[in-house]
Structures are given as C-alpha cells and as structure tokens.
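The values are calculated or read from the model by the stated rules, or taken from the named source; none is laboratory data. Keep in mind that this is a model prediction, so the values were computed, not measured. Here the Cβ positions follow ideal geometry from the backbone for every residue, glycine too, while neighbour counts run over all protein chains shown. Please note that ligands, DNA and RNA were not included when accessible areas were found on the heavy atoms of the full protein model with its side chains. Shrake-Rupley method; radii C 1.70, N 1.55, O 1.52, S 1.80 Å.
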Amino acid sequence: DTAVSQTPKYLVTQMGNDKSIKCEQNLGHDTMYWYKQDSKKFLKIMFSYNNKELIINETVPNRFSPKSPDKAHLNLHINSLELGDSAVYFCASSLMGQGLHFGNGTRLTVT
Amino acid sequence: GIQVEQSPPDLILQEGANSTLRCNFSDSVNNLQWFHQNPWGQLINLFYIPSGTKQNGRLSATTVATERYSLLYISSSQTTDSGVYFCAVENTGTASKLTFGTGTRLQVTL
C-alpha cells in the first residue's frame with residue numbers, strides 16, 4: 001500500500017516523560033510535515049522538512065524535536081511532556097506545491 | 001498571517017440533498033486544498049485547487065483566487081459524507097505552509 005504511516009496510533013503517558021512518534025511515507029514525496037490538531041479540531045502546522053532539511057518551524061516549544069534521517073521518514077520526539085501537549089498529531093507528505101497526504105494520526109494523552 | 005474562514009460552521013442534511021461549503025481567505029494564495037476528516041479522524045485530500053474548477057464524482061470545487069474564495073459542492077449527499085470539511089491555503093511567498101480554516105461540520109442523516 002502506498003501511504004503515509006505513523007506509529008503509534010495511541011500514546012498515553014505521564015507528565016514529564018519523553019516520547020517519540022514515527023512517520024514514514026512511500027509516496028516518493030520530497031516534503032514532510034507535522035501538524036497538531038487540538039481538541040477543537042483546529043489544525044496547525046508544527047514543522048516542515050524538504051529533502052531532510054527543516055524549512056518551517058512554527059514557534060513550537062523546543063521540547064519538540066523533529067528528526068528526518070532521510071526524505072521518507074520524519075520522526076517527532078517530545079521531551080518533558082506537559083498536559084497541554086495532549087492532542088492528535090498528524091504526519092503528512094507532499095511533493096512541493098502539490099496535494100497533502102496525511103497519516104492516520106497519533107492521539108497523545110498526557111496524564 | 002493569512003486568515004481562512006469557512007462557512008457554515010455546522011450543517012445538517014438529509015441524505016440526497018445538495019450543499020455548498022464556502023472558504024474565504026484574506027490574502028493571495030498559490031495553493032488551496034480541501035480535505036474531509038471522517039468520523040474516525042482520517043484526513044482525506046479531496047482537491048488541490050488553487051484556481052479554476054474540478055470535479056470528482058459527486059464532489060466539485062471552484063476557486064476564484066482573484067476574489068479570495070473557494071466553494072465545495074456536494075451533490076446527492078450520503079451518510080458517508082459526514083465529517084468535517086477543511087479548506088487550507090498557502091499564502092503566496094510562504095512555501096509549504098498550509099493554513100487551515102476552522103472547518104465545516106457536516107452531518108448527513110437518513
């Protein structure tokens with residue numbers, strides 16, 4: 001299947017912990033993204049990478065660190081998790097200037 | 001930054017009805033996309049439509065970039081059309097940064 005796949009689907013953790021979300025795409029796209037969807041369904045871009053280089057960093061706390069080992073993977077590591085980090089995190093990919101394809105999301109719950 | 005407003009915020013339709021969803025944006029764009037988020041949370045790309053008109057089955061979209069709006073038409077709605085419809089735009093000069101509207105929540109009933 002050609003797709004954007006992210007793992008895990010659900011992540012429940014305690015405040016202060018560190019966690020990672022992984023994302024992979026096999027669509028041959030050159031740009032990958034992380035989006036955050038809050039409880040009111042508002043979607044906001046966090047990061048964008050083009051060919052492994054960071055091109056967008058939307059004033060996200062530096063507890064969030066994206067890493068792109070190659071253009072098919074973009075992982076998100078979060079340090080010292082806070083209650084306000086609870087949200088659904090979506091990975092996405094596209095060819096520059098074309099339609100965005102989303103993964104199925106990771107629902108993060110911080111208790 | 002660019003503002004994206006969608007209307008109506010909520011819509012309830014009977015199966016078989018037609019509807020028009022609107023997206024207004026505050027600045028020039030070089031990229032506009034429509035997405036459907038189904039009740040299971042999956043985000044599906046419906047159209048990449050920075051200008052002009054496109055059709056895909058019962059759905060069609062029109063963007064009039066010079067007047068800063070886009071319309072999504074759903075004809076003969078089905079219960080599987082339920083969910084939230086998002087418009088997202090990329091402001092000219094901000095490559096790869098899509099700004100999303102707040103969405104239109106559609107419920108199609110039998």
Using a Förster distance of 41 angstrom, determine the FRET efficiency expected from the C-beta separation of residue B:15 and residue B:92, and round it to 0.05. 0.55
Would you work out the relative contact order for chain A, in percent, from Cα pairs under 8 angstrom that are 6 or more residues apart? 37
May I ask you to rank A:54, A:76 by accessible area, largest first, using a 1.4 Å probe over the protein chains only? A:54, A:76
With every protein chain kept in place and ligands, DNA and RNA left out, what is the accessible area per residue of the protein assembly as shown? Probe 1.4 Å, answer in Å². 49
Looking at chain B as a GNM with Cα springs under 10 Å, which of B:70, B:96, B:19 has the largest mean-square fluctuation? B:96
Evaluate 2.2 N^0.38 Å with N set to the residue count of the stretch B:1-76, then give the Cα radius of gyration divided by it. 1.11
Quote the relative contact order of the stretch A:44-95 in percent (integer), defining contacts as alpha-carbon pairs under 8 Å separated by 6+ residues. 24
Fraction of accessible area attributable to carbon and sulfur, the stretch A:50-111 (%, probe 1.4 Å): 49
Starting from the Cα of residue B:110, step 7 Å along the direction of its Cβ; do the same at residue A:62; then give the gap between the two resulting points in nm. 5.7
B plus A alone minus the pair: what accessible area, both sides summed, probe 1.4 Å, in Å² to 100? 1600
Hull volume per residue for the protein assembly as shown, using the convex hull of the C-alpha atoms, in Å³ is 121
Report the charge-dipole magnitude of chain B in Debye, nearest 20, computed about the Cα centre from +1 at each Lys and Arg Cβ and -1 at each Asp and Glu Cβ. 120
Pairwise centroid distance, computed over Cα atoms, of the stretch A:17-62 with the stretch B:1-58, Å: 22
Give a residue-ordered list of calculated ³J(HN,Hα) values for the stretch B:32-38 (Karplus: 6.51 cos²θ - 1.76 cosθ + 1.60, θ = phi - 60°; whole Hz; x for Gly, Pro). 9, 9, 10, 10, 10, 9, 6
